[in-house]
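Notes to accompany the following structure.
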Amino acid sequence: MANPDASFGFRPWKNGSGGVHGRVGQYTIPTAYGTAIFYGDTVKLSGTGITGEGAPSINISTTNTDQILGIFCGCEYTASDGSKVFRKNWIASTAEASGTTIKAYVWDDPNQLFMAQCDGT
């Protein structure tokens, strides 16, 4: 039986140093960020600095020369209607409530090992 061709991004597998795997760091996403970020996507520091929450800002890694910070695993924010939203992905150009911060969660442990499906050898 052949392996299914169903890409899923990166999934945490185990920690290379034998410790607890799946540790997550908290970052932010710039206001109304215009590119979708999906669960399992590689992300990098955005260079826009530290936000009011004290966390560095991230965006999606798009080239093979980007220095990857880690793997995106979800976000939380206050929607423009005031409701609290927790998602496994960031929908491009989502408007959050004025004066709030979009929190992003990233597997950023340098010893974390991941699984991924690829189409090459």
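The values are calculated or read from the model by the stated rules, or taken from the named source; none is laboratory data. This structure is a prediction, so every number in the text was calculated from the model and none was measured. Every residue, glycine among them, receives a Cβ derived from its backbone with ideal geometry; neighbour counts consider all protein chains shown. Side chains are part of the model used for accessible areas, which takes the heavy atoms of the whole protein and leaves out ligands, DNA and RNA. Shrake-Rupley method; radii C 1.70, N 1.55, O 1.52, S 1.80 Å.
Values for this structure:
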read-out	value
Looking only at the range 24-41, and only at residues there that are at negative phi and in contact with a Gly (Cβ under 8 Å, 6 or more places away or on another chain), the one that is surrounded by the fewest Cβ atoms within 10 Å (Cβ to Cβ)	Phe38
Every residue from the range 70-121 that is open to solvent by 40 Å² or more (accessible area, probe 1.4 Å) and of a type in the set (D, E, K, R)	Asp81, Lys84, Arg87, Lys88, Lys103, Asp108, Asp119
Some residue of the range 62-77 being over 11 Å from the mean Cα position of the chain (by Cα) and over 30 Å from Gly16 (Cα atoms)	yes
Filtered residues of the range 78-96 (kept if assigned to a strand (DSSP E or B) and without any contact (Cβ under 8 Å) to a residue 40 or more places away in the chain)	Thr78, Ala79, Lys84, Val85, Phe86, Arg87
Some residue of the range 3-12 being in contact with a strand residue (DSSP E or B) (Cβ under 6 Å, 6 or more places away or on another chain), at pLDDT 75 or above and not in a strand (DSSP E or B)	yes
